[in-house]
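The next block holds one structure in the form of structure tokens; read it before the comments.
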Amino acid sequence: MAEKDDYLLDLLVDLGFTNAEVVAKAREEANAAGVGVVDLLVANKVIRPADVTQAKAAQFGAEVVTLAGLKIDDDVISLVPRDVAKKYRVIPVFQTEGKVAVAIADPSDLNTIDSLTHLLHAEIELRVASEPDIEQALNKYYGGDKKALADGAFKDVIQELTQDNVEIGDAGGGADVEADAPLIRLVNQIIVDAFKIRASDIHLEPLAKRFRLRYRIDGMMQEMKSPPKQLQASIIARLKIQAGMVISEHRIPQDGRIQSKVGSKLIDLRVSCLPTNHGESIVMRILDKEGLKLGLPELGFLSDDQATFERIIALPDGILLVTGPTGSGKTTTLYSCLNFINRPDRKIITVEDPVEYVLAGINQVQVNDLVGFTFATALRAILRQAPNIVMIGEIRDIETASIAINASLTGHLVFSTLHTNDAPGAVTRLADIGVKPFLIASSTRCLMAQRLVRKICKKCAAPYEPDDGELRALGLKREDLKNANVQKGRGCNNCNGSGNRGRFGIFEIFVVDDEGRKLIYDRVPTNVLRARAREMGMRTLREDGIRKVLAGLTTAEEVIRATVGDEA
């Protein structure tokens, strides 16, 4: 290894990427630290990884390729099986008669080249790519360690169905389990893969010429290798059967649930089926009951906000409203509140549509509009059960709002959600529904808006200098960063190259005090109420996000994206 490093160092000097003095000094440091000289030079940013790649290519007279800029056909990728590509860390680039061009990070690895020649029964043409480029391409075309999509599964299904003389375009009613076995494996694999890479939703979308598969991971949509278009009807039919939907109904939306076991974990999938002009679109929300983190710190509160929030949810009565758009984590926040205050001396009842997670020691009620069991009906019934704390999945109408407010005024602590953009806007929303301002003022204890932002991956986090545009957007100056810990993920296997892993909340907490109640009673406009709330100490979503950027928890880019239109 030392001789190879020496030859590579000579090449780096000859190519002008460094000089002999720097190499000599680095050699001393490397020997003392017990690391490679080239690795030390890269770590100290004396040379770039791209320089090393170019030197390696020059050493063997090979061509350098940038895989990120190439579009490699599926037929070429299929030349090298997934296990071979993973084991030898190679990417097929193109094929000519009797030859396969492969990209490799280390062209001096003759054992790998010999093994590939025998395994592929073809002559190997070498191309050289950087290690990160190879890693990213392996994840993209073959799936990473936690993104293990069985690329050959689709072809296997088509082959098996064809051999069994099953009409691919026909659902077959799902009655013939044996004939459908490969299809069942494919559908199960889609669900298992989504769970393994921490996806929250699975989207199967019929388009004009293809059947697109996308996963939502940490709030961002990512397109995966799509099933063949000819399997569209069969896959949709299989999922509709599992979800308990009417398989012959293609004209109206349907909802259902699937319970599936992934390893030792039991997960629920909330399934929605929507007719579109190219077929039925399926969206499955993955509900991992065991993976739900119900502690307040996991939500993303900083210590001062958490202390405020704990004080509010410990009150004996009143309403706490959590606001934000769909998918902003409102329900998880409410579950965390209930989990925090759940004690044997308190009776807690929830009214939800649907019940997403089962909580131990809490009475959970699911509404059913088909039989007239609405939020309002359920609320009237559960108040006769003498609860201390009530959670309402969402306040949608005046009837539900009135019962909730009356409950809060008669000694109950009520939690619920509203769809508004900010915390003070909840007051206007309740007034629009038809709730009298004096009732809002007297019952409301706290209004909280929230959004979700992606966490920086802990394993690849590195110091980061925001650009001028990001600083302007956040209202910061360079001097504000002096004592800050601004970071950004570089991308690694742990985060599938994204630099982010997991999500947490940024919050806008409006604690309604006597002055706030007077403003609500006086029906002041939302902008006046918001300005006064800020004077009383309320931080906006963006301001809370900025604190978390400076603490190295998330990136400026994430906060700007999540708080577009918010005042800093």
Worksheet item: From the list Val100, Val128, Val80, which residue is hydrophobic (A, V, I, L, M, F, W, C), closer than 27 Å to Asp193 by Cα and modelled with pLDDT of 80 or more?
Response: Val80
Worksheet item: Can you tell me which residues in region 214-235 are assigned to a strand (DSSP E or B), touching a strand residue (DSSP E or B) at 6+ places or on another chain (Cβ under 6 Å) and of a type in the set (A, V, I, L, M)?
Response: Ile217, Met221
Worksheet item: Restricting the search to region 18-39, which residues are in a helix (DSSP H, G or I), open to solvent by 60 Å² or more (accessible area, probe 1.4 Å) and modelled with pLDDT of 75 or more?
Response: Ala20, Glu21, Lys25, Arg27, Glu28, Glu29, Asn31, Ala32, Asp39
Response to the item:
Scanning region 305-337 for residues that are among the charged types (D, E, K, R), in a helix (DSSP H, G or I) and in contact (Cβ under 8 Å) with a residue 12 or more places away in the chain, the one nearest to Ser416 (Cα to Cα) turns out to be Lys330
Worksheet item: Can you name the residue in region 404-426 that is in contact with a Ser or Thr (Cβ under 7 Å, 6 or more places away or on another chain) and of a type in the set (A, V, I, L, M) and, of all such residues, is most open to solvent (accessible area, probe 1.4 Å)?
Response: Leu409
Worksheet entry | Residue match in region 535-544 (condition: farther than 19 Å from Thr308 by Cβ and open to solvent by less than 50 Å² (accessible area, probe 1.4 Å)) | no
Worksheet entry | region 527-563, subset among the aliphatic types (A, V, I, L, M) and outside any helix (DSSP H, G or I), residue farthest from Gly219 (Cα to Cα) | Met536
Practice prompt. Read through the list (1) in contact (Cβ under 8 Å) with a residue 60 or more places away in the chain; (2) hydrophobic (A, V, I, L, M, F, W, C); (3) over 14 Å from Val322 (Cβ atoms), then give the number of the only condition that Ala404 fails.
Written response: (3)
Discussion item. Tell me the residue from Glu558, Glu508 that is acidic (Asp, Glu) and under 30 Å from Ala137 (Cα atoms), please.
Written reply: Glu558
Worksheet item: Using beta carbons and a limit of 8 Å, which pairs, at least six apart or on different chains, have the first residue in region 55-79 and farther than 13 Å from Ile134 by Cβ and the second one at pLDDT below 75 and open to solvent by 70 Å² or more (accessible area, probe 1.4 Å)?
Response: Ala55/Leu15; Ala58/Leu15; Gln59/Tyr7
Worksheet item: Just for region 1-17: of the residues that are modelled with pLDDT of 75 or more and outside any helix (DSSP H, G or I), which one is surrounded by the fewest Cβ atoms within 10 Å (Cβ to Cβ)?
Response: Gly16
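The values are calculated or read from the model by the stated rules, or taken from the named source; none is laboratory data. In this text the structure is predicted, and so the values were computed from the model without any measurement. Every residue, glycine among them, receives a Cβ derived from its backbone with ideal geometry; neighbour counts consider all protein chains shown. Just the protein is used for accessible areas: all its heavy atoms, side chains included, with ligands, DNA and RNA removed. Shrake-Rupley method; radii C 1.70, N 1.55, O 1.52, S 1.80 Å.
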